[in-house]
């Protein structure tokens with residue numbers, strides 16, 4: 001049998017049609033009656049909806065309005081807006097050098113109401129995405145980590161936690177136990193400072209996790225088949241040595257199910273991507289560790305503008321991890337030129353099922369074009385797509401995080417933890433007000 005819910009051929013046809021609707025519309029139909037709620041909540045319909053959604057993945061845009069950094073010493077808060085649009089299939093069949101697409105607005109989160117302040121100075125690591133859900137980690141004292149469905153707007157505020165100096169959060173999904181987890185890495189590392197949080201697990205408390213290798217974080221995370229990967233730097237004194245080339249990079253691998261760490265050695269700074277279900281690293285011939293520039297007092301945008309020219313030849317290297325145990329890589333290099341493509345202005349959104357590497361501008365400026373680029377490695381060609389619609393949500397300059405291959409899953413929409421967990425009012429206390437560091441940890445974390 002297809003499912004535990006018997007459906008007639010007429011209902012089959014109805015479900016076939018309704019499976020093409022957005023998840024928000026499906027949610028409204030489920031409120032019509034108990035019979036419709038049962039029908040649209042059946043395993044058969046959920047599988048049908050997921051199959052169609054997987055065949056038509058979308059680009060997801062998370063747009064953060066940059067706030068006035070003078071508001072507080074931590075860097076300020078911002079408003080997050082979410083858009084999406086279908087990924088292009090065979091974009092190179094069009095004759096135009098630049099295509100145009102309209103992004104669909106979904107939802108906006110305001111930290112004035114949700115208290116999700118975060119570091120904009122470290123905005124490259126202020127959020128994470130895994131299996132349909134989005135995670136925003138808070139700043140050291142004033143922010144509250146948040147997990148949300150960027151399409152439906154359902155969300156939950158996670159337990160706050162004290163962090164020592166610098167802390168970075170990553171978001172992953174265990175496909176076996178069907179559980180989302182957040183990983184918090186602190187630098188300098190020390191006993192009991194690294195933590196993991198399992199969403200939907202009882203009271204959702206931070207637990208200690210042991211990482212045997214001291215390191216600083218150098219990239220956002222990417223979750224592939226239940227393993228969370230990010231780039232780390234084992235160098236301890238590089239920020240004090242005055243030499244920006246003094247690094248010792250390593251790929252940190254965190255298994256979301258076993259909660260164990262392993263490591264992969266790499267030769268240089270790189271970015272991590274999911275390449276058709278395999279880990280891949282990607283870097284430019286003249287790439288720089290942007291994060292390290294902060295410690296040397298460099299203004300990142302000024303540095304990149306001086307050293308990277310628009311329209312210059314782009315030489316891209318892609319290494320794909322073919323054998324994890326032997327750490328064997330297949331290595332590829334590509335070159336191209338494009339007048340609108342600037343390496344200093346783009347981030348890597350991911351790789352499509354057909355192998356195109358998707359780049360996206362990392363900043364939105366009102367009244368200026370915003371581009372997404374599809375690079376075909378086989379042809380070594382680049383297709384520009386101008387994105388419209390962001391102005392519906394903001395008229396300010398914004399940071400943009402873009403994710404390829406977003407798929408809507410009704411099981412994700414139905415997660416209990418996103419249904420009734422509402423934000424707490426009031427500002428979390430800072431150390432020095434009334435609580436000690438140990439008190440803060442005992443209030444929000446489990447040992």
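Derivation of every value follows stated rules applied to the coordinates shown; laboratory data play no part. This structure is a prediction, so every number in the text was calculated from the model and none was measured. A quick note on method: Cβ atoms are made from the backbone with ideal geometry, for glycine too, and the neighbour counts reach across all protein chains shown.
Where does each of 204, 361 land when they are ranked from fewest to most other beta-carbon atoms within 10 angstrom?
204, 361
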Fewest first, what order do 345, 223 take by the number of other Cβ atoms within 10 Å?
345, 223
Listing 80, 206 by rising number of other beta-carbon atoms within 10 angstrom, fewest first, gives 206, 80
1/(1 + (r/R0)^6) with r = Cβ-Cβ of residue 97 and residue 333, R0 = 25 Å, i.e. FRET efficiency to nearest 0.05, evaluates to 0.55
How far apart, in nm, are two points set 7 Å out from the Cα along the Cα-to-Cβ line at residue 13 and at residue 32?
1.5 nm
Could you sort 151-157, 32-38 so that the peptide with the highest average Cβ count within 10 Å comes first and the rest follow in order?
151-157, 32-38
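Between residue 213 and residue 178, what FRET efficiency comes out of the Förster formula 1/(1 + (r/R0)^6) with R0 = 41 Å and r the beta carbon distance, rounded to 0.05? Don't jump to the answer; show the numbers that get you there.
On the way: r = 29 Å, r/R0 = 0.71.
E(calc), rounded to 0.05, equals 0.90.
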